[in-house]
Amino acid sequence: MKIAVFVSGGGTNLQNIIDAIEDGTLPNVDISMVMADRDCYAIERSLDKDIRTYVLDRKTFSEDAEHNLEDEEIDLIVLAGFLTILSPEFTAKWGNKMINIHPSLLPKFGGKGMYGAKVHKAVLEAGETISGATVHYVTAGVDEGEIIAQKSFNIEENDKVEDLQRKVAAVEGEIFIEAIKQISNT
Ligand code: GAR
């Protein structure tokens, strides 16, 4: 299965995919290209493995990405900490072949503007006792697509944003790889 990975941040999830391919957990998966919408550490992780890497302008990302994907026979697009909202045309074309990881238990704490630390802050402010991560298909509605995998963890009384970030990263590592493996086996 040939995948394209879209990134905007630290690239922990991209690294998890790279590691899972290298250690044989994802034997049928190959990263054909990585596309970033800004300068970010994920780019270094990608270049470090000699993966074809593009940095695109956020304003024209969907069109430029479509151009890069042409003639590549990509089976799956993986949004791994990707923050640009893709165009309706792009999601309509790739929706059933595009998955996203989100750092909350959707449908709670999703939607436009809900990303990264903002999600964890909102979760703590709402007094939630559990949080988690979700892998889902991508549709034009932000964070609204069909859920593929979800995993929760307990929030302790003194947990801060950084604690939730750490706990989310751990469950993301598990469910993202599981979801990609499941799709690669179908
Ligand atoms: C991850 O926690 C991911 O769920 C979140 O950004 C982080 C990226 O980390 N994505 C969103 O908030 C998208 N709405 P990474 O760049 O280190 O993989």
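Results, tabulated for the structure shown:
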| read-out | value |
| --- | --- |
| G116 being more than 21 Å from L26 (Cβ to Cβ), of a type outside the set (D, E) and touching a residue at least 60 places away in the same chain (Cβ under 8 Å) | yes |
| Near pairs, Cβ below 7 angstrom, 6+ apart or cross-chain, from the range 101-112 (farther than 12 Å from Q150 by Cα and more than 8 Å from the ligand (Cβ to nearest atom)) to any residue that is among the acidic types (D, E) and assigned to a loop (DSSP other than H, G, I, E, B) | G111/D143 |
| Number of the condition not met by K49 [criteria: (1) under 18 Å from the mean Cα position of the chain (by Cα); (2) within 16 Å of the ligand (Cβ to nearest atom); (3) more than 11 Å from V7 (Cα to Cα)] | (1) |
| Qualifying positions in the range 144-177 - in a helix (DSSP H, G or I), without any contact (Cβ under 8 Å) to a residue 40 or more places away in the chain and surrounded by 17 or more Cβ atoms within 10 Å (Cβ to Cβ) | K167, V171 |
| Residues located in the range 164-183, provided they are farther than 24 Å from V119 by Cα and in contact with a strand residue (DSSP E or B) (Cβ under 8 Å, 6 or more places away or on another chain) | Q182, I183 |
| Residue, surrounded by the most Cβ atoms within 10 Å (Cβ to Cβ), within the range 116-143, restricted to residues that are part of a loop (DSSP other than H, G, I, E, B) and either of a type in the set (S, T, N, Q) or modelled with pLDDT under 95 (or both) | D143 |
| Total residues in the range 1-37, condition polar (S, T, N, Q) and more than 11 Å from the ligand (Cβ to nearest atom) | 3 |
| Residues within the range 76-93 that are under 15 Å from I148 (Cβ atoms) and away from the ligand (no atom under 13 Å from the Cβ), tallied | 2 |
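Listed here are the residues, each with its yes/no results for (1) crowded, with 16+ Cβ neighbours inside 10 Å; (2) among the hydrophobic types (A, V, I, L, M, F, W, C); (3) free of Cβ contacts under 8 Å to residues at least 40 places away in the same chain; (4) in contact with a Leu (Cβ under 7 Å, 6 or more places away or on another chain).
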residue	(1), (2), (3), (4)
F6	yes, yes, no, yes
N13	yes, no, no, no
G24	no, no, yes, no
N28	no, no, no, no
D48	no, no, yes, no
V78	yes, yes, no, no
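The values are calculated or read from the model by the stated rules, or taken from the named source; none is laboratory data. Because the structure is a prediction, the values reported are computed rather than measured. We place every Cβ from the backbone using ideal geometry, glycine too, and count neighbours over all the protein chains shown.
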